[in-house]
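The structure appears below as structure tokens.
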Amino acid sequence: MQVRAGDTVTYLEMIATLRKRLDEVLLPLIPADRPCAVVGFPLHANAGDSALWLAERAMLMRAGSHIVYACDRESYDRSELASRLHGGTIFIHGGGSLGDVWWRGLEFIKRIVADFPDHHVVLFPQWICFRDRESLKGARTTLNAHPDLIILARDRASLERARNEFRAKALLCPDMALTLGPLPRAGPPSADVVWLARTDRESAWPEPAAVADVAPFDWRQEPPFLAPRAARRILPWLNRRVQPPGWRQAGRLWLYDLIARGRLAWGRRLLCRGRVVITDRLHGYVLSLLQGIPHVVLDTRFGKTRAFYETWGESCDLTRWAGSPEEALRVARSLLQRTRETSQR
């Protein structure tokens, strides 16, 4: 779908276009009827990373690839991965790890790439941001030594960085969570505006002030659901005790998916409390889009959400950009008024 400057498209058209682009980029990279590994399951409670994990799993399964190994950063075992994968492809969890904002993710990527120089390695769509030249130099040394590495960049700025700094083939690809497609609202709204505001090192703004019609929150805590909380506690025991490796792998995948589904369900519920969403979290933006909730997007400290918005989202009818929290609140209230007028017709 070609969109001319100034035109708008519905959120459903936007989702369909980006899902098509995901298929065009990713499906040729996934060998059907071949073994693969997917590494880097997110142990932290961020609902957005759980959405990415479930989308990555769904894409691999739809392509017909057989997952023989999965791990998080703590359970990674080079010997076990090598023994199970043979000549298959390694897929590394996407998000914001290819950079030094979240350095543990970068170190994990470097470790996988260095440990498997003879395997095809694909980085699921990444936001790329380096603030320190020495960190970039170290990443360049490791990644450039790999002869068969593909970097998927989820915005144009990241694509430019990848092509300027690394020898690997780099392709522009939307965020993996869009693979989930349109989602029904997870619940009825109970507030006019909900504000999903970052409370970590990527935040560019002070915590939202208490306002009568606004409910601020972040989603860094585990959801209040028994199943994912129990699964998270069982994981360390499974990794230590369960044999043979095939059983351990099957159990690990089952627990990962259970945890991720619980976290995603909780994140969706939090967003659906609002008739309008304000957020500076990329996946607050994406999951609002998938659920058809009008939303206002703010940038992060390092430009993550602006890069994605300018690459893919400027023409969407549900999305509005704001340059400050004050503007975001004004725009959200304008969207809210428009929503009410539409519902009364």
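Values quoted throughout were computed directly from the atomic coordinates according to the rules given, and no laboratory measurement underlies them. In this text, all values refer to a predicted model and were calculated from it rather than measured experimentally. Neighbour counts run over all protein chains shown; Cβ positions are idealised from the backbone, glycine included.
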**Asked** If amide H atoms are built 1.01 Å from N in the plane of the peptide, which residues on other chains or at least 5 residues away come under 5 Å of the amide H of Gly181?
**Response** none
**Message:** For the pair Arg333/Arg156, report the inter-label distance in nm, with labels modelled 7 Å from Cα in the Cβ direction.
**Reply:** 3.4
**Message:** Given the DSSP H assignment, sum -39500 (n - 2.57) over each helix run of at least 4 residues in the chain and divide by its residue total; what's the result at 222 nm in deg cm²/dmol, nearest 500?
**Reply:** -14500 deg cm²/dmol
**Convex hull of region 187-319 built on C-alpha atoms - directionally averaged projected area, nm²** = 10.0
**Asked** Quick one, what does Rg over Rh come out to for region 13-180 if you take C-alpha atoms and the Kirkwood Rh?
**Response** 0.93
**Request:** Quick one: angle between helix 103-115 and the longest Cα principal axis of the chain, in degrees between 0 and 90, rounded to 10, please.
**Result:** 30
**Message:** Can you give the FRET efficiency to the nearest 0.05 for Ser190 and Leu27, using r as the Cβ-Cβ distance and R₀ = 41 Å?
**Reply:** 0.55
**Request:** When you have a sec, figure out the Kirkwood radius of region 215-291 from all distinct Cα pair distances and drop it here in Å to one decimal?
**Result:** 14.1
**Asked** Lys169 label point, 7 Å along Cα→Cβ, cut-off 19 Å on backbone N: hits in region 35-77?
**Response** 35-37, 60, 63-65
**Message:** Please give the Cα centre distance for region 127-206 versus region 224-295, rounded to the nearest Å.
**Reply:** 19
**Prompt:** Which distance in nm do the two modelled labels at Ile234 and Ala114 give, with both placed 7 Å along the Cα-to-Cβ direction?
**Reply:** 3.5
**Asked** Whole-Hz Karplus ³J(HN,Hα) for region 130-147, in order, using 6.51 cos²θ - 1.76 cosθ + 1.60 and θ = phi - 60°, x for Gly and Pro?
**Response** 10, 9, 10, 5, 5, 4, 5, 4, x, 5, 4, 4, 6, 5, 6, 7, 8, x
**Fill in**
Once the in-chain neighbours fewer than 8 apart are removed, the lysines whose Cα is under 22 Å from Lys110 read Lys137, Lys169, Lys304
**Prompt:** Between Leu226 and Lys137, what is the label-to-label distance in nm when each label sits 7 Å out along the Cα-to-Cβ direction?
**Reply:** 5.6
**Message:** Rounded to two decimal places and with Rh computed the Kirkwood way over Cα pairs, what is Rg over Rh for region 118-158?
**Reply:** 0.99
